[in-house]
Amino acid sequence: MDSTTFVAFLSSVLFTIGVLGVLLRRSALLIFMSVELMLNAANLAFVAFAHRWVQLDGQIFVFFVMAVAAAEVAVGLALIVTIFRTKRSTNVDDLAALKG
């Protein structure tokens, strides 16, 4: 198994763990962390394939994904902290009352 195949396999495993975290967890903070894990798995795949085909396109996409992830962290953590201060819980089942 060459290094690109190994990294692609590792990326798919990390992405699967992230998807399972989003689908199975009830805490908003853990769901948020699982989404970050999925973004990092995609970044890992971009870098591996960019290295494989000796092109910089994948690494440029990584910078865009990191910018989106940083913005997501800023907004998402602010929302989670605000919700925790008002509800004293980050359980997504308790947040169903916020539908309006």
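The values are calculated or read from the model by the stated rules, or taken from the named source; none is laboratory data. Predicted model, so just to flag it, every value in this text is computed and none were measured. In this analysis, Cβ positions are derived from the backbone assuming ideal geometry, glycine residues included, and neighbour counts consider all displayed protein chains. Ligands, DNA and RNA are excluded from the accessible area calculation, which covers all protein heavy atoms including side chains. Shrake-Rupley method; radii C 1.70, N 1.55, O 1.52, S 1.80 Å.
Give me a count of the residues in the stretch 74-90 that are surrounded by fewer than 13 Cβ atoms within 10 Å (Cβ to Cβ) and under 20 Å from the mean Cα position of the chain (by Cα).
6
If a residue has to be without any contact (Cβ under 8 Å) to a residue 40 or more places away in the chain and under 9 Å from the mean Cα position of the chain (by Cα) to count, how many in the stretch 20-34 make the cut?
2
Inside the stretch 47-68, can you point out the residues that are of a type in the set (D, E, K, R) and farther than 17 Å from Ser12 by Cβ?
Asp57
Does Phe64 meet the test of being part of a helix (DSSP H, G or I), modelled with pLDDT of 95 or more and among the aromatic types (Phe, Trp, Tyr)?
no
Considering only residues that are in contact (Cβ under 8 Å) with a residue 40 or more places away in the chain and in a helix (DSSP H, G or I), which ones fall in the stretch 74-92?
Within the stretch 74-92, Gly76, Leu77, Ile80, Ile83 meet the criteria.
Kindly provide the set of residues from the stretch 44-62 that are without any contact (Cβ under 8 Å) to a residue 12 or more places away in the chain and either among the β-branched types (Val, Ile, Thr) or closer than 30 Å to Val92 by Cα (or both), ordered by number.
Val54, Ile60
On the given criteria, is Val7 more than 15 Å from the chain's Cα centre (by Cα), open to solvent by less than 50 Å² (accessible area, probe 1.4 Å) and touching a residue at least 24 places away in the same chain (Cβ under 8 Å)?
So Val7 fits the description; yes.
Looking at the structure I just gave you, is Leu95 assigned to a helix (DSSP H, G or I), of a type outside the set (Gly, Ala, Ser) and either at pLDDT 90 or above or open to solvent by 90 Å² or more (accessible area, probe 1.4 Å) (or both)?
So Leu95 does not fit the description; no.
For the stretch 44-62, check the following and say yes or no: at least one residue is closer than 29 Å to Ala96 by Cβ, surrounded by 14 or more Cβ atoms within 10 Å (Cβ to Cβ) and small (Gly, Ala, Ser).
No; the residues of the stretch 44-62 include none that is closer than 29 Å to Ala96 by Cβ, surrounded by 14 or more Cβ atoms within 10 Å (Cβ to Cβ) and small (Gly, Ala, Ser).
Among the residues of the stretch 21-37, are any open to solvent by 90 Å² or more (accessible area, probe 1.4 Å) and in a loop (DSSP other than H, G, I, E, B)?
Checked the stretch 21-37: at least one residue is open to solvent by 90 Å² or more (accessible area, probe 1.4 Å) and in a loop (DSSP other than H, G, I, E, B).
Would you check if Ala41 is open to solvent by less than 90 Å² (accessible area, probe 1.4 Å), assigned to a helix (DSSP H, G or I) and either without any contact (Cβ under 8 Å) to a residue 24 or more places away in the chain or more than 16 Å from Thr4 (Cβ to Cβ) (or both)?
No, not satisfied.
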